[in-house]
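Quick notes on the structure that follows.
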Amino acid sequence: MKWEGHEQSRNIEDRRGMGGGGGGGGLGVPRIGGRGIGVGTILIAVVAGWIFGINPLTVLGLLGGGGAPVEVAPSPSQQRAPGAAPQDPQAQFVSTVLRDTEQVWGRMFQGGGQAYQEPRLVLFSGATRSACGVGQEAMGPFYCPGDQKVYLDLTFFRTLSQRMGAPGDFAQAYVVAHEVGHHVQNLMGITAKVDGLRGRISQQEMNALSVRVELQADCLAGVWAHHSQKGKGWLEAGDLQEAMNAAAQIGDDTLQRQSQGRVVPESFTHGTSQQRMTWFKRGLDTGSVKACDTFGAR
C-alpha cells in the first residue's frame, strides 16, 4: 500500500505514554454499574464481542449485570489537542488512512445532501478512558458512540499479524475502516436503533442483530476501499488479499474453533469468516452503501 506522502488527518488524539488515571492513581479495574470487572470477565468479553465490537464495554456491562457502561469523561491529564502529526511511521500510517476515510465519506455524505461529522481516533497504550468507560488493550480497537471516537492501541497490529495470522498494512487499514464504518452507522442512526432493543429482546436475538451490525461495518469498510482505490490507486498486489485474510481470521467460527475447539452459532456476534469476507467484498465491488443492507438480507 503506497501510503507515504499522502495527507494525514488532524483528528488524531495521541494519548500514548500519558497514563490512564487522572485523579485516581491509574485506571485500575473497570467498573460497570458500580461493580468491579475482573480480568476473567474481560477475557470472556473479548471472546464474546471479540476484537471488532462496536463497543466491547457494552459486553462488559451485560456480563457485569449493570446494563450499559457508565460514562467516564476523560480526565484533564488525558486530553491533548488533536492536530499534531504523529512522528512514528505506524501512527502516521493510521493517520493517513483515517484522513482518506474522511475524504471518502465526506464526499459520499455530501452527495446525499448531508455533512459528514469526522470522528477522532485516539491512540493509547495499555488503557484509557472514553465516554463509554475504560478501554483496555485486551479489548482491541473499538468505536464509542458516546464521544464519536475510535480507540486503538497500536500493539493490536502486532497481535493481528503474529497471533491471528493477518499481516500487512492493508489488513491494518481494514481495521481502521471497519471502526469508521461503525461511526457511519452511528451517524445514520443505526447504532441507536439497535442499542434501543437491548433488554427488550432475547440475548440470542441481540446476538443476531450484532452480527448484522458487524457485517454492515465490514461492507462499509469495503465501500471505503472501493472509492479510496478509485481516487488514489495506492493499493498494490496482495493488498486486497490481506484485507480478505484479516476478515477471515476474525470470523466467529474461526475464533471459536481456535479458542475452544468447537463452534456455537447461536453465540455469534460478528458473523462467520465467510460472511465477513463476503460482505467486505460486496462493499468493495459495488462502492454502494445501499448494497450494505445486512438487515434486509437473508
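Return yes or no: is residue 92 over 17 Å from the mean Cα position of the chain (by Cα) and not aromatic (Phe, Trp, Tyr)?
Values: over 17 Å from the mean Cα position of the chain (by Cα): yes; not aromatic (Phe, Trp, Tyr): yes.
Spelling it out, residue 92 is indeed over 17 Å from the mean Cα position of the chain (by Cα) and not aromatic (Phe, Trp, Tyr).
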Original post:
In this structure, does residue 208 turn out to be at negative phi, assigned to a helix (DSSP H, G or I) and either β-branched (Val, Ile, Thr) or touching an Asp or Glu at 6+ places or on another chain (Cβ under 9 Å) (or both)?
Top reply: yes
**OP:** Please state which one of 146, 135 is at pLDDT below 95, assigned to a loop (DSSP other than H, G, I, E, B) and either touching a strand residue (DSSP E or B) at 6+ places or on another chain (Cβ under 8 Å) or not small (Gly, Ala, Ser) (or both).
**Re:** 146
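Checking the conditions here, which among 188, 139, 164 is surrounded by fewer than 24 Cβ atoms within 10 Å (Cβ to Cβ) and touching a residue at least 60 places away in the same chain (Cβ under 8 Å)?
Just one listed residue meets the conditions, 164.
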Original post:
List, please: which pairs have Cβ atoms under 9 Å, are six or more places apart or on different chains, and start with a residue in the stretch 284-296 that is part of a loop (DSSP other than H, G, I, E, B) and end with one that is polar (S, T, N, Q) and exposed (fewer than 15 other Cβ atoms within 10 Å of the Cβ)?
Top reply: none
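Residues in the stretch 248-298 that are at positive phi and either at pLDDT 80 or above or over 19 Å from the mean Cα position of the chain (by Cα) (or both): how many? Working first, answer last.
We begin by selecting, within the stretch 248-298, every residue at positive phi; these are 261, 271, 287.
Okay, now just the ones that are also either at pLDDT 80 or above or over 19 Å from the mean Cα position of the chain (by Cα) (or both), so 261, 287.
Qualifying residue count, the stretch 248-298: 2.
The values are calculated or read from the model by the stated rules, or taken from the named source; none is laboratory data. Treat the numbers as computed from the prediction; the structure is a model and nothing was measured. Counting neighbours? That spans all protein chains shown, and the Cβs are built from the backbone with ideal geometry, glycine included.
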